[in-house]
1. Restricting the search to the range 51-97, which residues are free of Cβ contacts under 8 Å to residues at least 40 places away in the same chain, surrounded by fewer than 16 Cβ atoms within 10 Å (Cβ to Cβ) and part of a loop (DSSP other than H, G, I, E, B)?
2. Taking the range 410-436 only, how many residues are of a type in the set (A, V, I, L, M), surrounded by fewer than 24 Cβ atoms within 10 Å (Cβ to Cβ) and within 34 Å of the chain's Cα centre (by Cα)?
3. In the set Val101, Val143, Val127, Val112, which member is farther than 21 Å from Leu70 by Cβ and of a type in the set (A, V, I, L, M)?
4. In the range 215-234, what residues are out of contact with any Phe, Trp or Tyr (no Cβ under 7 Å at 6 or more places or on another chain) and either touching a residue at least 12 places away in the same chain (Cβ under 8 Å) or of a type in the set (Gly, Ala, Ser) (or both)?
5. Within the range 407-439, track down each residue that is more than 16 Å from Asp395 (Cα to Cα) and small (Gly, Ala, Ser).
6. Can you say whether Ala285 is touching a Ser or Thr at 6+ places or on another chain (Cβ under 9 Å) and without any contact (Cβ under 8 Å) to a residue 24 or more places away in the chain, as far as the supplied structure shows?
7. How about the range 72-106: which of its residues are among the charged types (D, E, K, R) and farther than 29 Å from Ile122 by Cα?
8. Taking Val133 as the residue in question, decide whether it is assigned by TED's automatic domain parsing to the domain that holds Val181, of a type in the set (A, V, I, L, M) and at pLDDT 85 or above.
Amino acid sequence: MSKIRIRSALVSVFHKNGLDDILHLMAKLDINLYSTGGTHQFIQSLGLEVVSVEELTGFASILDGRVKTLHPKVFGGILARRDEGHLAQLEAQEIPEIDLVIVDLYPFEKTVQSTTNEAEIIEKIDVGGISLVRAAAKNYKDVLIVPSQSDYAFLYQLLLSKEGYSELEDRQYLASRAFQVSSHYDTQIFNYFNREEKIKSFAESAPLDRTLRYGENPHQSAAFYGQLDTLLVQLQGKELSFNNLVDVDAAVWLMKDMDDFGTSVAILKHTNVCGIASRATLLQAWEGALAGDPVSAFGGVIIANKTVDQATALAIDQLFYEVLIAPDFDLDALKILQKKKNRIVLKLKHYPDEKWTYKNLLQGVIRQERDNILTTTEHLKLVTTDQASEQQLTDLIYANRIVKHLKSNAITLVKNKQLIGMGCGQTSRVDALHQAIHKARQFGFEGQLPGASLASEAFFPFADCVEIAHQEGIQAVIQPGGSVKDQDSITYCLQHNMVMYLTGIRHFKH
């Protein structure tokens with residue numbers, strides 16, 4: 001049967017956010033609810049009628065909740081085909097049909113990322129939930145399965161638009177999602193137990209999200225593995241490409257590090273920031289970011305950390321860009337931005353939070369902890385007599401946060417929380433500094449160089465960089481230190497009344 005009326009549902013979830021509207025809608029549609037433990041209490045707190053699984057099975061939850069739903073009266077109602085033979089068996093055993101199963105599994109993956117406590121990790125291996133997911137997905141011709149919190153919105157729209165019915169295509173789609181979720185979940189558990197063995201490619205352990213048009217170039221095939229919709233909502237524009245995704249990733253990690261400087265806008269090109277500024281209003285931040293390098297900004301990726309308003313949207317709309325990212329958009333702003341259909345507009349739900357980065361090379365995989373250290377004044381060691389002013393100190397931290405996100409060798413020049421020049425991806429630090437100075441002059445910031453602050457992502461092996469900086473009037477420098485010739489640069493700064501701080505933290509980026 002293609003179209004099936006949903007008369008009963010089993011709800012057993014870890015994450016309950018976003019579930020209340022669904023439950024109220026289900027009540028209006030006269031869908032009988034069965035539930036377990038904390039979910040049962042949550043449904044009762046909404047003032048809705050619900051039957052506990054214990055009441056259904058006549059068997060109490062045991063072993064600290066490890067065994068709740070594992071019972072024939074639950075799985076019989078899910079796995080029974082809606083044919084004469086199976087339905088007769090259900091009737092004989094007084095087992096109700098269950099037409100909808102809503103599950104959200106214990107957060108095993110996040111638990112592994114947040115703790116090394118093995119007992120806590122093991123308890124987050126879901127047994128009953130994953131069994132419910134697989135059983136309902138197996139019987140998709142008769143049962144609708146919702147396997148994850150990320151599918152709540154789909155279910156709500158389905159119930160609302162189809163008034164409590166489901167079509168075969170809906171059930172088949174969610175069954176495929178169920179096995180995608182269960183495959184990823186099982187792989188994460190395998191990786192935990194297999195952690196002493198060779199680390200597998202991330203693509204082997206993450207669900208296939210989408211096949212991309214092509215990779216970095218048209219002759220390269222590509223795909224994205226993961227769950228992009230948990231982080232971003234695409235409001236408008238063409239399909240995200242490989243290069244878009246790489247740049248968006250760079251943009252959101254950069255803005256995460258800059259978020260505590262207030263209202264900010266950044267522009268990136270090929271993962272490197274070419275303009276960024278923090279100001280009192282978003283429009284002013286946009287103008288400051290664009291001024292840093294209006295040439296490179298063409299066709300770039302823009303990210304803001306505040307809601308985009310109408311005035312800012314009008315200004316941004318004057319530039320050709322690939323992607324615009326923000327936490328939200330005013331309705332009037334969206335109307336402006338959506339006039340150009342191909343430009344991608346993304347709503348960022350929250351910043352990413354990942355512990356590891358992966359890279360394929362030499363027929364293998366290397367893994368490292370993400371460079372999540374944020375330099376603050378607590379990291380700074382003053383090595384000169386003169387100290388930075390309050391504004392210089394802010395600019396030094398600002399410059400250091402930016403340079404961390406540029407390809408090595410890298411230099412940033414900052415004045416009043418605005419990037420006025422940068423050099424990156426150079427084979428020498430001197431070349432990176434020359435590039436930064438050239439850009440500052442090219443875009444009208446020559447007069448801003450005196451009093452500007454300079455950051456380097458790695459140490460100065462010689463005093464040449466501080467000498468060049470001094471000749472341009474740059475007065476404050478921040479760098480990690482660690483060279484056997486650190487004293488050469490420090491001595492030059494002392495002799496020329498420059499300020500230098502060491503952080504002790506290198507930020508190489510290859």
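1. Gly58, Phe59, Ala60, Leu63, Asp64, Gly65, Asp83, Glu94
2. Number of matching residues: 0.
3. One residue alone meets the criteria, Val112.
4. Those that are out of contact with any Phe, Trp or Tyr (no Cβ under 7 Å at 6 or more places or on another chain) and either touching a residue at least 12 places away in the same chain (Cβ under 8 Å) or of a type in the set (Gly, Ala, Ser) (or both): Ala223, Phe224, Gly226, Gln227, Leu228, Asp229, Thr230, Leu231, Leu232, Val233, Gln234.
5. Of everything in the range 407-439, those that are more than 16 Å from Asp395 (Cα to Cα) and small (Gly, Ala, Ser) turn out to be Ser408, Ala410, Gly423, Gly425, Ser428, Ala432.
6. Yes, satisfied.
7. Listed by number, the residues that qualify are Arg81, Arg82, Asp83, Glu84, Glu91, Glu94, Glu97, Asp99.
8. Against the criterion (assigned by TED's automatic domain parsing to the domain that holds Val181, of a type in the set (A, V, I, L, M) and at pLDDT 85 or above), Val133 qualifies.
The values are calculated or read from the model by the stated rules, or taken from the named source; none is laboratory data. Everything quoted here is computed from the prediction, not taken from an experiment. Cβ atoms come from the backbone with ideal geometry, glycine included; neighbour counts cover every protein chain shown.
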